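To keep things clear, I will list the structure first and then write my remarks on it.
The values are calculated or read from the model by the stated rules, or taken from the named source; none is laboratory data. Just so we're clear, the structure is a prediction, and the values are computed from it rather than from any experiment. When we count neighbours, we look across all protein chains shown, and the Cβ atoms used for this are built from the backbone with ideal geometry, even at glycine.
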Amino acid sequence: MQTRIIPLAACPRHIEQLALALHAEWQDFAPWSEMEKIRAYYARCLDGGSLPLAWLAVDGENRLLGSAALKRHDIAELPQYEYWLGDVFVLPEARGRGIGARLIEHALQQAREMALPELYLYTPDVQAVYAKYGWREIETRRHNGEIVSVMRLCLGGREGEAV
């Protein structure tokens, strides 16, 4: 199956389907608990001139498979961490085909092209997936009602180097 990664702005009709899928999967967590908040977030991603930016994974017939985003200040309590990878999501029926990896790789390439020095993310349970890309856990904290790992990836050099 052909998978393409495209900007959300290239196919905004998928916002509703994406919002429904994210709400169904993550509704217990504050950012995803209300459909209107999700729709408003993705409307901001359509601007394309600044973060947040979102990308979609679509198949050869432009059917939605998943999404990922780059954003700023994803955890308000950590203002020192500016740039974040977030919202990496693959629809349940499309999982297990490497789509998540394609979305992550695309977002990382975009971050490098934007010359972002580093990225952060948080995850409750897939630290090993991100570790394969060089992400390192920098702290564990309670966020949105669950314990998550905050992870960092240096984009300007090797992990641990000042950039």
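Couple of notes before you dig in:
- A residue that is touching a Leu at 6+ places or on another chain (Cβ under 7 Å), among the basic types (Lys, Arg) and not in a loop (DSSP other than H, G, I, E, B) cannot be found anywhere in segment 116-138.
- Residue count, segment 68-104 (criterion: under 16 Å from the mean Cα position of the chain (by Cα), on the phi > 0 side of the Ramachandran plot and in a loop (DSSP other than H, G, I, E, B)): 2
- Check on Asp59, under 19 Å from Ile99 (Cα atoms) and surrounded by fewer than 16 Cβ atoms within 10 Å (Cβ to Cβ): yes
- Asp47 fulfils the conditions (1) surrounded by 14 or more Cβ atoms within 10 Å (Cβ to Cβ); (2) in contact with a helix residue (DSSP H, G or I) (Cβ under 9 Å, 6 or more places away or on another chain); (3) acidic (Asp, Glu); (4) under 25 Å from Leu116 (Cα atoms) except for a single criterion, (1).
- Check on Asp125, modelled with pLDDT under 95, buried (at least 20 other Cβ atoms within 10 Å of the Cβ) and under 26 Å from Gln17 (Cα atoms): no
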